[in-house]
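The values are calculated or read from the model by the stated rules, or taken from the named source; none is laboratory data. Worth saying up front: this structure is predicted, and the values here are computed from it rather than measured. Cβ: placed from backbone, ideal geometry, glycine included. Neighbour counts: every protein chain shown. When the accessible area is computed, the model is the full protein with side chains, heavy atoms only, and any ligands, DNA or RNA have been set aside. Shrake-Rupley method; radii C 1.70, N 1.55, O 1.52, S 1.80 Å.
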Amino acid sequence: MNISIQVATEKDTQYAEIISVMIEDAARKRGTGISKRPPEYIRRKIMEGKAIIALEQNTVAGFCYIETWGHNKYIANSGLIVNEDYRKHGLATK
C-alpha cells in the first residue's frame, strides 16, 4: 500500500460525502457514539485546517479532525475513521 497521510486541503473537500458515509457506517457497525457528520461539516473542518486525511491515490483510507472551543483553549480529536479495506494494516499507528 502506498498511502499518503497529510493535513487535508481544499482539494480534499471532494471526499466529504464519502467521509460522511464512512463515519455513519463505522458508528452503526461498531455501535459507538460517533455522531453523524454531514458533508458540509466535513468540508468546513477541512477548510479550517483541522483535518487529516489518508489517501491511496483517490481512495480515502482514513480521516480524522479536531474540535476546538474556549477560544482554542480546549481541543478534542474526532477519532480516526478507517476505510474497511484498510483496517488491520497499521494505518492508525502511522
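Note on the stretch 1-10: residues that are closer than 21 Å to HIS89 by Cβ and in contact with a helix residue (DSSP H, G or I) (Cβ under 8 Å, 6 or more places away or on another chain) amount to 3.
Under the condition of being out of contact with any helix residue (DSSP H, G or I) (no Cβ under 7 Å at 6 or more places or on another chain), part of a loop (DSSP other than H, G, I, E, B) and within 22 Å of THR93 (Cβ to Cβ), the residues counted in the stretch 33-65 number 2.
Would you pick out the residues in the stretch 16-25 that are open to solvent by less than 80 Å² (accessible area, probe 1.4 Å), farther than 18 Å from LYS88 by Cα, within 11 Å of the chain's Cα centre (by Cα) and in contact (Cβ under 8 Å) with a residue 12 or more places away in the chain? Spell out how you get there, then give the answer.
The initial filter retains those residues of the stretch 16-25 that are open to solvent by less than 80 Å² (accessible area, probe 1.4 Å), namely 16, 19-25.
If we keep only those that are farther than 18 Å from LYS88 by Cα as well, we get 16, 19-21, 24.
Narrowing further to those that are within 11 Å of the chain's Cα centre (by Cα): 16, 19-21.
Answer for the stretch 16-25, where residues must be open to solvent by less than 80 Å² (accessible area, probe 1.4 Å), farther than 18 Å from LYS88 by Cα, within 11 Å of the chain's Cα centre (by Cα) and in contact (Cβ under 8 Å) with a residue 12 or more places away in the chain: ALA16, ILE19, SER20.
For residues that are open to solvent by 40 Å² or more (accessible area, probe 1.4 Å) and in a loop (DSSP other than H, G, I, E, B), scanning just the stretch 79-89, find the one that is modelled with the lowest pLDDT.
Going residue by residue through the stretch 79-89, those that are open to solvent by 40 Å² or more (accessible area, probe 1.4 Å) are 80, 84-85, 87-89.
Checking the rest, the ones that are also in a loop (DSSP other than H, G, I, E, B) come to 80, 87-89.
Details: LEU80: 83, ARG87: 89, LYS88: 90, HIS89: 87.
Per the criteria, the residue is LEU80.
Got a sec? Which of THR13, THR68 is open to solvent by less than 50 Å² (accessible area, probe 1.4 Å), in contact with a Lys or Arg (Cβ under 9 Å, 6 or more places away or on another chain) and either closer than 21 Å to THR93 by Cβ or part of a strand (DSSP E or B) (or both)? Let's see the steps before the verdict.
Details: THR13 fails: either closer than 21 Å to THR93 by Cβ or part of a strand (DSSP E or B) (or both).
Checking each option against the conditions leaves just THR68.
In the stretch 31-53, what residues are surrounded by 14 or more Cβ atoms within 10 Å (Cβ to Cβ) and of a type in the set (Lys, Arg)? Step through it out loud before you land on a result.
Within the stretch 31-53, the first condition is being surrounded by 14 or more Cβ atoms within 10 Å (Cβ to Cβ), and the residues that meet it are 34, 37, 39, 41-47, 50-53.
Residues satisfying the conditions are ARG37, ARG43, ARG44, LYS45, LYS50.
All told, GLU56 falls short of being at pLDDT below 90, open to solvent by 40 Å² or more (accessible area, probe 1.4 Å), more than 11 Å from the chain's Cα centre (by Cα) and closer than 21 Å to GLU10 by Cα.
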